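The values are calculated or read from the model by the stated rules, or taken from the named source; none is laboratory data. For clarity, every value in this text was computed on a predicted model and none was experimentally measured. Here Cβ is always computed from backbone atoms with ideal geometry, including for glycine, and neighbour counts include all displayed protein chains. Keep in mind that these areas ignore ligands, DNA and RNA; they rest on the heavy atoms of the full protein, side chains included. Shrake-Rupley method; radii C 1.70, N 1.55, O 1.52, S 1.80 Å.
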Amino acid sequence: MEPSEELKNIFSEFNTGSGFKSAARIGSGHINETYRVSTNHPKKSYTLQKINSNIFKDIPNLMKNIEVVTRHLENKIISGDKEAGSFSALRLIPTRHNQLFHEDPSGNYWRLYNFIKGISFDTVTNTDYAFKGGKAFGLFQFLTSDVPIESLSETIPNFHNIEKRLESFHKVVNADPVNRVKHLIREIEFVKRREDEMMLLQNLINNGKIPIRVTHNDTKFNNILFDQKDNAVCIVDLDTVMPGTVLFDFGDAIRTGANRAVEDESDLGKVSIDIDLFEAYSKGYMEIACRFLNPEEVSNLAFSAKFMTFIIGLRFLTDHIDGDKYYRIHFPGHNIQRARSQFRLLETMEQKFDKMKAIIARIVAGKV
Ligand code: ADP
Ligand code: GN1
Ligand code: MG
C-alpha cells in the first residue's frame with residue numbers, strides 16, 4: 001500500500017468529519033512519527049502521530065495522561081484565564097469509536113491532534129525567542145501545577161533517574177554487544193568522573209528537599225510552537241508528562257535552547273553554552289516560576305542544565321554501545337556524535353558554571 005493510502009486509512013478512523021487530502025512528514029523528533037494532514041476543508045489540518053510502542057509500553061495510560069493535561073489546559077484557556085489565553089489549545093481528536101487512539105491491523109498505535117499553526121526551532125537564534133520560550137515553559141508548569149499528581153501514570157518508569165541510567169550504562173558497557181567499547185574509552189571515562197556529582201538532584205528528591213511536581217520531561221526547545229508574530233503558542237510532545245522535578249524541564253530547555261549549535265553538531269568547536277541565551281531563557285522562565293519554586297529548586301537551576309546535558313549524553317552513549325536500539329538514527333555513528341556534542345556542551349557549562357549561577361542570583365534579586 002502507498003504510504004499516503006495507509007495514512008488516509010488511518011485518518012479515516014478518527015472522528016473529524018473531514019476528507020483526507022494529503023499528508024506530509026513534519027518535525028525532527030527521535031521517537032514518534034509525525035505528519036501534518038491536510039483535508040478538503042482549507043482551514044482544517046491535523047497532526048497525526050504514530051506512537052513509538054517499543055518505547056512506550058502502556059499506550060492507554062500514556063494517552064490518559066495526555067487527555068488529562070490537554071483538557072486541564074483547554075479548560076483554563078476557555079475560562080478566560082488571561083495567561084492561559086496566550087496558548088492555543090492542543091486537543092486530542094477521538095476515533096470513530098470514541099477512543100483516544102487507534103490501533104491499526106499491524107499493531108501500530110496512532111493518535112490525532114488539531115494542527116497548531118506555528119513553527120518550532122531546533123536551535124535558538126536570538127534572545128527574544130529564548131525569553132519567550134522560558135516564559136512558555138514556566139507557564140506550562142504553572143498552569144499544570146494543579147493537575148492532581150496521582151492522576152498521572154509514569155509513562156516511562158525511572159525516566160530521569162540517574163542511578164538507574166548509570167546502572168543500564170554499566171551493564172551495556174560490560175556486555176559490549178556490538179564491540180564498540182574499545183573505541184569509547186574517553187567517553188566512558190568522561191561519564192565515570194561525573195557519576196557522584198550527578199547524584200545531587202536524586203539525593204535532594206530522596207530526602208524531600210526538592211518536591212515532586214507535574215513535569216513535562218521533554219522540554220527540548222523544538223517542543224515549543226511559535227506563531228507568525230513570534231509568540232510561543234503551544235507546548236507539544238506530552239508523552240512524558242508525569243511526576244518529576246521541574247528542574248528536569250529547566251535543564252533540558254537550557255541544553256537545547258541556550259546552545260547555538262544543533263544537538264548532534266559534529267564540529268565541537270561550535271558547541272557551547274551561550275550565556276546571553278541562558279540569561280534570556282532564565283529571565284523569561286523566572287517571570288512565572290518565581291511564584292512556585294522553593295529556594296532549593298532555585299539554587300539548583302544552573303546545576304539542572306549540567307545534569308540534563310549529562311543524562312541525555314549518557315543515554316545517547318548507552319544507546320550507541322547497545323547498537324542503536326532506542327533513538328532513531330540517520331546515519332551510522334549518529335548516537336555517538338550526539339553524545340560527544342552533549343559532553344562538549346557540558347564541559348562548556350562547567351567552565352561557565354559560576355557565571356550561570358550568578359545570573360540566576362541576579363534574576364532572583366530583581367537585578368536583571
Ligand atoms: P517527537 O516525540 O517525535 O518529538 P512531537 O510530538 O514533538 O514528537 O512532534 C514532532 C514535531 O511536530 C514538533 O516538534 C512540532 O514541530 C510538530 N508538532 C507536534 N504536534 C503538533 C501540533 N499539534 N500542531 C502542529 N505541529 C505539531
Ligand atoms: C527524545 O521525542 P523527542 O525527540 O522530543 C527523548 C528525550 C530526549 C530527546 C533528546 C521519550 O525526545 O527524552 O531528551 O530525544 N524522548 C524519549 O533529543 O525518550
Ligand atoms: Mg518533540
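Could you derive backbone 3J(HN,Hα) for the range 94-111 from the dihedral phi with the Karplus parameters 6.51, -1.76 and 1.60 (θ = phi - 60°), listing whole Hz in sequence and x where the residue is Gly or Pro?
x, 7, 4, 9, 6, 9, 7, 8, 10, 9, 7, x, 8, x, 8, 9, 10, 9
Comparing His320, His170, His330, which has the greatest mean-square fluctuation in the GNM of the chain with Cα pairs linked when under 10 Å apart?
So, out of His320, His170, His330, the one fluctuating most is His330.
Quick one: dipole size for the range 6-83, taken about the Cα centre, charges +1 on Lys/Arg Cβ and -1 on Asp/Glu Cβ, in debye to the nearest 20.
Result for the range 6-83 is approximately 240 debye, rounded to the nearest 20.
Report Rg(Cα)/(2.2 N^0.38 Å) for the chain, keeping two decimals.
0.99
Rank Leu166, Leu301, Leu112 by mean-square fluctuation in a GNM of the chain with C-alpha springs under 10 angstrom and give only the top-ranked residue.
In this elastic network of the chain, the residue with the biggest mean-square fluctuation among Leu166, Leu301, Leu112 is Leu166.
Give me the percent of the accessible area of the range 127-364 that comes from carbon and sulfur atoms, probe 1.4 Å, all protein chains in place.
49 percent
Accessible area per residue, 1.4 Å probe, Å², for the range 127-364: what's the number?
40 Å²
Say R0 is 35 Å: what FRET efficiency, to the nearest 0.05, do Asn98 and Ser168 get from their beta-carbon distance?
0.35
Among Asn114, Leu48, Ala84, flag the residue with its Cα farthest along the positive direction of the charge dipole of the chain, charges on Cβ as +1 for Lys/Arg and -1 for Asp/Glu.
Selected residue: Ala84.
What's the FRET efficiency of Glu74 with Asp267 using the Cβ-Cβ distance as r and R₀ = 51 Å, to the nearest 0.05?
After rounding, the FRET efficiency stands at 0.75.
Taking 0.36 nm per residue of separation and subtracting the Cα-Cα distance, what length does fully extending Glu195 through Lys82 add?
Answer, rounded to one decimal: 36.3 nm.
Run lengths n ≥ 4 of DSSP H only: what is the helix-derived mean residue ellipticity at 222 nm for the chain, with -39500 (n - 2.57) per run over all residues, to the nearest 500?
-14000 deg cm²/dmol
Mean-square fluctuation check for the chain, GNM, Cα pairs under 10 Å: which of Pro332, Pro94, Pro243 is largest?
It is Pro332.
Among Leu301, Ala261, Leu247, whose Cα sits farthest toward the positive end of the charge dipole of the range 127-364 (+1 at Cβ of Lys/Arg, -1 at Cβ of Asp/Glu, about the Cα centre)?
Ala261
Any lysines with Cα under 24 Å of the Lys164 Cα? List them, leaving off those in the same chain fewer than 8 positions away.
Within reach: Lys57, Lys182, Lys192, Lys209, Lys220, Lys306, Lys325.
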